[in-house]
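Colleague: Quick one: structure below, then a few questions.
The values are calculated or read from the model by the stated rules, or taken from the named source; none is laboratory data. Keep in mind it's a predicted model, so treat the numbers as computed, not measured. Every residue, glycine among them, receives a Cβ derived from its backbone with ideal geometry; neighbour counts consider all protein chains shown. Accessible surface is based on the protein model in full, side chains and every heavy atom, while ligands, DNA and RNA are left aside. Shrake-Rupley method; radii C 1.70, N 1.55, O 1.52, S 1.80 Å.
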Amino acid sequence: MSEFRSGFACVVGRPNVGKSTLTNQLVGEKIAITSKRPQTTRHAIRGLVHRIDGQLILVDTPGVHKPKTLLGSRLNDVVRDTWSEVDVAIFCVPADQKIGPGDKYIAQELSSATRKPKIGVVTKLDSASQADIAERLMELDALGKETGCDWKEIIPISAKTRANLDVLLDLIIPLLPEGPALYPAGIFTDEPVETMVAEFIREAALDDLREELPHSLAVVVESIEPDEERSAERPLMRIRASIYVERDSQKGIIIGNKGSKLKEIGSISRKQIEKLIGMQVFLDLHVKIAPEWQSDPKELSKLGF
Ligand SMILES: Nc1nc2c(ncn2[C@@H]2O[C@H](COP(=O)(O)OP(=O)(O)OP(=O)(O)O)[C@@H](O)[C@H]2O)c(=O)[nH]1
Ligand SMILES: [Mg+2]
């Protein structure tokens, strides 16, 4: 019988190509928030895949892009730091868009950053025609040769329909070093509860937002405390969180007409938070302004970047 393997694989690519959706599907739990807007993920998120033949620690990363703000360049740095630490890199391009200069830039950087094995993945298989998928696979093959990425394998997948997800895992596990499990069974992520709560709130707020507003949002959990007046049979967690925006006009959008938008953000995220912590939650949300926080080093560090 072959030895048990364990190690790290990062998921990289341009914004919005489906990295977080893929990570969640491989892990089998929602650990990373997703949205139809680009630049959703803002930190490296570890997710665990437990198998009989090995343990894979997936690292979902922010989409690499041309930065317009200090936040953007810090996010790109997060990705570069991750490349050098993993055993395998999973490079994603979407089936429904031609490979372009953004993908080439990332592949070149990845190639010079690490000599570790790389897998080329065409995502969103369900959203493209057979002809488009074939074209994308050929483009990805050519990109690998051009940039020196030298893909170990190239595979089309769909996180939505789960097509080829097990095949992808079968390709990754043998590339990990032999060794014992690094995390106990039953754990899906090492993200702190505060971070997951803040992210669920941000995801609920992102829904339906237009133009630059998604980028202007940040969420900070101020406190998580059990309600002392509740009995042990009916516990309640009180969570206080702040949603930051950059301008007064944005504050109005997040609060909505008579508070309707804020109420909706609360009720959508509360369901996910209750599932996460396994008890009833009272969510106290406040909207605050941090002018130009995406480009202000002091504000960025206050917000955890
Ligand atoms: N049709 C289809 N849509 C998908 C699939 N995977 C992801 N998407 C959609 O693509 C959009 C972006 O998905 P994310 O997983 O947030 O993308 P990401 O690469 O993590 O984006 P950033 O965090 O911004 O870098 C969302 O609207 C997803 O629902 C898929 O397999 N099929
Ligand atoms: Mg993401």
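Colleague: Which of the residues belonging to region 32-60 are within 11 Å of ligand 2 (Cβ to nearest atom) and of a type outside the set (D, E, K, R)?
Modeller: Passing the criteria: ALA32, ILE33, THR34, SER35, PRO38, GLN39, THR40, THR41, HIS43, ALA44, ILE45.
Colleague: Among the candidates GLY278, GLY266, single out the residue that is in the same structural domain as ARG202 (by TED's automatic domain parsing), of a type in the set (Gly, Ala, Ser) and open to solvent by 40 Å² or more (accessible area, probe 1.4 Å).
Modeller: GLY278
Colleague: In addition: Here are some residues: THR69, THR21. Which one is of a type in the set (Ser, Thr, Tyr) and more than 14 Å from ligand 2 (Cβ to nearest atom)?
Modeller: Matching residue, one of THR69, THR21: THR69.
Colleague: Taking the residues in region 15-30 that are among the β-branched types (Val, Ile, Thr) and open to solvent by less than 10 Å² (accessible area, probe 1.4 Å) as candidates, determine which candidate is nearest to ligand 1 (Cβ to nearest atom).
Modeller: VAL17
Colleague: For the condition under 9 Å from the mean Cα position of the chain (by Cα), within 20 Å of LEU171 (Cβ to Cβ) and more than 8 Å from ligand 1 (Cβ to nearest atom), what is the one hit in VAL59, VAL49, VAL12?
Modeller: Selected residue: VAL59, the only one of VAL59, VAL49, VAL12 that is under 9 Å from the mean Cα position of the chain (by Cα), within 20 Å of LEU171 (Cβ to Cβ) and more than 8 Å from ligand 1 (Cβ to nearest atom).
Colleague: Taking the options ALA113, ALA128, name whichever one is crowded, with 18+ Cβ neighbours inside 10 Å, over 12 Å from the mean Cα position of the chain (by Cα) and not assigned by TED's automatic domain parsing to the domain that holds LEU213.
Modeller: Answer to the selection: ALA128.
Colleague: While we're on this one: Can you say whether ARG80 is within 18 Å of the chain's Cα centre (by Cα) and either at positive phi or outside the structural domain of THR21 (by TED's automatic domain parsing) (or both), as far as the supplied structure shows?
Modeller: no
Colleague: Step by step: first the residues of region 142-158, then only those that are within 22 Å of the chain's Cα centre (by Cα) and not aliphatic (A, V, I, L, M), then the one that is farthest from ligand 2 (Cβ to nearest atom). Which residue is that?
Modeller: Checking each candidate, the answer is PRO156.
Here is a yes/no grid of residues against (1) away from ligand 1 (no atom under 15 Å from the Cβ); (2) of a type in the set (Val, Ile, Thr); (3) touching a residue at least 60 places away in the same chain (Cβ under 8 Å):
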| position | (1), (2), (3) |
| --- | --- |
| GLN55 | yes, no, yes |
| HIS65 | no, no, no |
| ASP81 | yes, no, no |
| ALA89 | no, no, yes |
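Colleague: Additional query: Starting from region 169-188, take each residue that is within 11 Å of ARG51 (Cα to Cα) and among the hydrophobic types (A, V, I, L, M, F, W, C) and list its partners that are open to solvent by 50 Å² or more (accessible area, probe 1.4 Å) and assigned to a loop (DSSP other than H, G, I, E, B), counting only C-beta distances under 6 angstrom and pairs at least six apart or across chains.
Modeller: Note: pairs meeting the criteria are ILE173/ASP53.
Rundown of residues vs (1) outside any loop (DSSP other than H, G, I, E, B); (2) of a type in the set (Asp, Glu), yes/no style:
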residue: GLU191; (1), (2): no, yes
residue: ARG202; (1), (2): yes, no
residue: VAL219; (1), (2): yes, no
residue: GLU222; (1), (2): yes, yes
residue: LYS258; (1), (2): yes, no
residue: ASP284; (1), (2): yes, yes
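Colleague: Tally the residues that are assigned to a helix (DSSP H, G or I) and surrounded by 17 or more Cβ atoms within 10 Å (Cβ to Cβ), restricting the search to region 286-300.
Modeller: Qualifying residue count for the region: 4.
Colleague: Do any helices (runs of 4 or more DSSP H) entirely within region 64-166 hold 2 or more residues that are touching an Asp or Glu at 6+ places or on another chain (Cβ under 7 Å), and if so, which?
Modeller: 130-147
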